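The values are calculated or read from the model by the stated rules, or taken from the named source; none is laboratory data. If you're wondering where the values come from, they're calculated on a predicted model, not measured in any experiment. Cβ placement follows ideal geometry from the backbone for every residue including glycine, while neighbour counts extend to all protein chains displayed. SASA here: full protein model, heavy atoms, side chains in, ligands and nucleic acids out. Shrake-Rupley method; radii C 1.70, N 1.55, O 1.52, S 1.80 Å.
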Amino acid sequence: MAWDRNQMAARAAQELQDGWYVNLGIGIPTLVSNFIPEGVEVTLQSENGMLGMGPFPYEGEEDPDLINAGKQTITELPQTAYFDSAQSFAMIRGGKIAMAILGAMEVAENGDLANWMIPGKLVKGMGGAMDLVAGVGRVVVVMDHANKHGVSKVLKDCTLPLTGKGVVDRIITNLGVLDVVEGGLKIVELADGVSDEEFRAATEATLVD
Amino acid sequence: MKKVYPNAAEALDGLLSDDMFIAAGGFGLCGIPELLLDAIKDSGVKNLTFASNNAGVDDFGIGILLQTKQVRKMISSYVGENAEFMRQYLSGELELEFNPQGTLAERMRAGGAGIPGFFTKTGVGTVIADGKLEKQFPTGADGAMEDYIMEEGIFADLAIVKAWKADETGNLVFRKTARNFNAPAATCGKICIAEVEEIVPTGSLDPDSIHLPGIYVNRIVQGTHEKRIEQRTVRQKEV
């Protein structure tokens with residue numbers, strides 16, 4: 001047993017605090033917006049130039065001038081504000097965004113993050129990921145604990161080119177939750193039905209108490 | 001001084017040459033200067049370097065200039081939607097310089113503001129830092145020193161942007177997320193051409209609601225835009 005994509009997103013949503021401005025990455029992080037707890041108001045930033053991102057539009061109401069960072073059509077909310085890309089990253093780099101929730105290919109026990117390129121494969125680019133991890137208050141990674149070959153993605157050292165060095169604060173996987181602390185990673189929580197033993201066996205990184 | 005031109009080709013007249021450096025606005029296919037890109041294609045000018053967040057798709061945006069092999073180098077943050085781009089890049093025909101998205105935007109803003117270099121935390125400890133000047137500043141908790149890298153401002157020969165409305169003096173208003181890179185790109189060219197959906201009489205825009213003042217815009221052209229949607233996502237109406 002372990003968490004599925006929606007359960008991982010729901011767990012990540014528990015990280016949100018009332019009044020925060022937050023940036024959600026593509027993939028499972030996008031699902032987090034479906035699980036924002038009752039009584040918690042967060043404003044979603046889209047780094048292409050928008051605060052106050054709304055849901056997908058109803059069919060027939062798509063606006064080509066209104067997209068998110070994943071280039072999907074979206075809608076605005078009463079509190080929405082638009083701005084240009086330089087200002088968007090000024091608020092990211094300037095530490096005004098409280099948290100980014102991002103996907104990852106690898107995370108290391110020192111908080112290193114790799115999520116933008118695999119050498120020798122098609123390289124698409126880092127987009128805004130390097131700016132986000134360098135600038136926001138807190139970086140939470142949501143990803144599967146292992147890759148499709150069953151190899152741990154929670155590592156002693158990243159093998160792929162880094163997106164940021166020592167930038168990750170918390171890791172949420174299908175097996176549980178980890179914090180980056182002095183000397184390694186600390187288990188915060190185990191997913192439903194996952195034993196401590198299983199979790200440790202699936203993790204390459206150093207685990208500390 | 002008359003800034004309004006009848007079409008994109010005439011707006012570009014006398015400004016294009018081989019090997020030039022062009023900054024272009026747009027994010028994905030949203031807010032791209034599609035009419036000017038078409039006209040640049042028709043001009044046959046080649047060996048171009050583009051600073052643009054993305055490279056369009058195969059048959060739209062900067063992609064059309066890749067089909068005709070008019071582009072030598074791209075400075076971009078994300079090029080994932082373009083098969084022809086990948087083919088030319090992997091075969092060595094096309095040079096690619098990846099910039100983190102915020103670094104690219106700030107390089108344009110800085111260039112337009114007369115700032116040749118700036119320090120940023122973005123990319124520290126990654127391949128982006130290779131070969132760049134590093135310096136520490138006391139920005140951490142309790143004045144702790146933190147690492148920064150220097151990035152350079154972009155000074156382009158030409159800027160091409162898309163806005164929603166312009167008045168006859170070049171004051172621009174953008175619409176929703178189509179503003180994106182258009183504002184910073186407009187400022188970093190020696191010359192800037194803006195294509196718009198509507199040119200309105202001078203005096204009819206609220207001076208307090210102008211997104212980019214006309215001082216940055218040398219030429220304006222009005223036209224009909226396709227405004228293609230890259231990822232159409234919708235939700236169902238609840239019954």
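When both residues are 6+ apart or on different chains and their Cβ atoms are under 7 Å apart, which pairs have a first residue that lies in the range B:158-187 and is without any contact (Cβ under 8 Å) to a residue 40 or more places away in the chain, and a second that is of a type in the set (Val, Ile, Thr)?
Note: pairs meeting the criteria are B:Trp164/B:Val173; B:Trp164/B:Val196; B:Val173/B:Ile210.
Among all residue pairs at least 6 apart or on different chains, which show Cβ distances below 9 Å where the first residue, located in the range A:194-208, is more than 15 Å from A:Asp144 (Cα to Cα) and the second is in a loop (DSSP other than H, G, I, E, B) and not aromatic (Phe, Trp, Tyr)?
A:Thr206/A:Glu109; A:Thr206/A:Lys156; A:Thr206/A:Gly183; A:Leu207/A:Glu109; A:Val208/A:Glu109; A:Val208/A:Glu182; A:Val208/A:Gly183
Kindly establish whether B:Leu36 is within 12 Å of chain A (Cβ to nearest Cβ) and either free of Cβ contacts under 8 Å to residues at least 40 places away in the same chain or closer than 28 Å to B:Val217 by Cα (or both).
Considered against the rule, which asks whether it is within 12 Å of chain A (Cβ to nearest Cβ) and either free of Cβ contacts under 8 Å to residues at least 40 places away in the same chain or closer than 28 Å to B:Val217 by Cα (or both), B:Leu36 comes out as no.
Only one residue in A:Asn23, A:Asn34, A:Asn68 is modelled with pLDDT under 95 and under 18 Å from the mean Cα position of the chain (by Cα). Which one?
A:Asn34 is the lone residue from the list that is modelled with pLDDT under 95 and under 18 Å from the mean Cα position of the chain (by Cα).
Under 6 Å between Cβ atoms, at least 6 apart or on separate chains: pull out the pairs that start in the range B:1-24 with a residue that is on the phi > 0 side of the Ramachandran plot and end on any residue that is open to solvent by 50 Å² or more (accessible area, probe 1.4 Å).
Short answer, once both residue conditions are applied: B:Asp19/B:Asn47.
Working only within the range A:101-147, note down all residues that are over 20 Å from A:Thr173 (Cα atoms) and of a type in the set (Asp, Glu).
A:Asp131
Looking at A:Glu189, A:Glu204, which one is under 21 Å from A:Pro29 (Cβ atoms) and modelled with pLDDT of 95 or more?
From the options A:Glu189, A:Glu204, the qualifying one is A:Glu189.
Would you be able to tell me the number of residues in the range A:154-209 that are of a type in the set (S, T, N, Q), open to solvent by 30 Å² or more (accessible area, probe 1.4 Å) and more than 19 Å from the chain's Cα centre (by Cα)?
Residues in the range A:154-209 being of a type in the set (S, T, N, Q), open to solvent by 30 Å² or more (accessible area, probe 1.4 Å) and more than 19 Å from the chain's Cα centre (by Cα): 3 in total.
Report whether or not A:Met143 is under 14 Å from the mean Cα position of the chain (by Cα), touching a residue at least 40 places away in the same chain (Cβ under 8 Å) and within 21 Å of A:Leu16 (Cβ to Cβ).
Taking the combined requirement at face value, the residue satisfies it.
What strands (runs of 3 or more DSSP E), lying completely within the range B:144-239, carry at least 2 residues that are closer than 12 Å to B:Ile32 by Cα and more than 10 Å from chain A (Cβ to nearest Cβ)?
Output list reads B:156-167, B:189-200.
Test of understanding: among B:Gly102, B:Gly92, B:Gly140, which residue is of a type in the set (Gly, Ala, Ser) and under 23 Å from the mean Cα position of the chain (by Cα)?
Just a single option satisfies the conditions, and that option is B:Gly102.
When the range A:76-117 is examined, which residues are found to be more than 7 Å from chain B (Cβ to nearest Cβ), touching a Phe, Trp or Tyr at 6+ places or on another chain (Cβ under 7 Å) and open to solvent by less than 30 Å² (accessible area, probe 1.4 Å)?
A:Ile97, A:Ala98, A:Met99
Scan B:Ala144, B:Ala163 and give me the residue that is of a type in the set (Gly, Ala, Ser), in contact with a Gly (Cβ under 9 Å, 6 or more places away or on another chain), modelled with pLDDT of 95 or more and open to solvent by less than 60 Å² (accessible area, probe 1.4 Å).
Numbers: B:Ala144 fails: in contact with a Gly (Cβ under 9 Å, 6 or more places away or on another chain).
Result of the check over B:Ala144, B:Ala163: B:Ala163.
Please find, among B:Ala83, B:Ala105, B:Ala129, B:Ala113, the residue that is on the phi < 0 side of the Ramachandran plot and touching a helix residue (DSSP H, G or I) at 6+ places or on another chain (Cβ under 6 Å).
B:Ala105
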